[in-house]
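J.: Structure incoming, see below.
What follows is calculated from the coordinates using simple rules that are stated; it is not laboratory data. Quantities reported herein were computed from a predicted structural model and do not represent experimental measurements. Methodologically, a virtual Cβ is constructed for each residue, glycine included, from the backbone with ideal geometry; neighbour enumeration extends over all protein chains shown.
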Amino acid sequence: MNKIAILYGSSGGNTESVARQLQDLFEGQADLFNVQHVSLGEIAPYPYLILGTSTTGVGDLQDDWEGFLPSFATLDFIGKKAALFALGDSASYSGSFAESMKVIYDEIADKIVIVGQVPDEGYTYDESTAVIDGVWVGLPIDEDNEYDMTEQRLTAWVEELKKVFV
Ligand SMILES: Cc1cc2nc3c(=O)[nH]c(=O)nc-3n(C[C@H](O)[C@H](O)[C@H](O)COP(=O)(O)O)c2cc1C
């Protein structure tokens, strides 16, 4: 078993694709789980969690995450660290860009050490609850408009996570 578990919920495949790219960047050190199928027992042993969701509705959590989050939040998080990422569309949903990760953040932030926050530079949007004092609670990714930025954003993020997932 690796030490890093990447958990994703994806309705149209974009978040799954990004989760797979992240797994590749961790070069064999991360295991991948779709929250649609995962059980708490499978992820309980992992000290480092990467939680990815797409944004639906207006700033809402992806559907499978919606069902999984209440039980996920009952995990014993002592000694664990979590990083969040969210897919969003900063053009069509500029007023709720990538807000879904804030829903997960609000559920677990007082129970687990959150890492992988990202400065709000290089993103164009109007509003997002996922930004606190100019810093994203996790990594926003926009495959609809800025897919050409994704590889660079993921690579930089993974370099930071490798420093704190120790
Ligand atoms: C019905 C619907 C609602 C959406 N609402 C938001 C939103 O509020 N904020 C946002 O940033 N993106 C929103 N999006 C964009 C998706 O999050 C984005 O396309 C994402 O890449 C989809 O990822 P997935 O294929 O893994 O589900 C919405 C998309 C759809 C279809």
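J.: For a distance above 15 Å, tell me the whole-number percent of Cα pairs in segment 2-71 that qualify.
T.: Summing the P(r) of segment 2-71 above 15 Å gives 50 percent of all pairs.
J.: Okay, helix-only estimate at 222 nm for the chain: each DSSP H run of n ≥ 4 adds -39500 (n - 2.57), divide by all residues, round to 500 deg cm²/dmol; what do you get?
T.: Value at 222 nm, helices only: -9500 deg cm²/dmol.
J.: Hey, got the dipole for segment 4-164? About the Cα centre, +1 on K and R Cβ, -1 on D and E Cβ, debye to the nearest 20? Could you put the intermediate results ahead of the total?
T.: Details: 8 positive and 28 negative charges, 139 e Å.
Dipole about the Cα centre, nearest 20: 660 debye.
J.: In the chain, how does Rg compare with the Kirkwood Rh, expressed as the Rg/Rh ratio over alpha carbon atoms?
T.: Looking at the chain, the ratio lands at 0.92.
J.: What Rg and what Dmax come out for segment 82-146 when only alpha-carbon atoms are used, in angstroms?
T.: Rg then Dmax for segment 82-146, in Å: 11.1, 34.
J.: Mean Kyte-Doolittle of at least -1.0 plus a Cα span of 18 Å or more along the axis: flag which DSSP H helices in the chain meet both, please.
T.: On the way: long enough: 147-164 (26 Å, -0.76).
Span-like helices here: 147-164.
J.: Once amide H atoms are placed 1.01 Å from N in the peptide plane, what residues at a sequence separation of 5 or more from L61, or on another chain, have their amide H within under 5 Å of its amide H?
T.: Counting only residues 5 or more places away or on other chains, the set is T56.
J.: To continue, here is another question. In whole angstrom, note down how far apart the Cα centers of segment 1-34 and segment 42-85 are.
T.: 13
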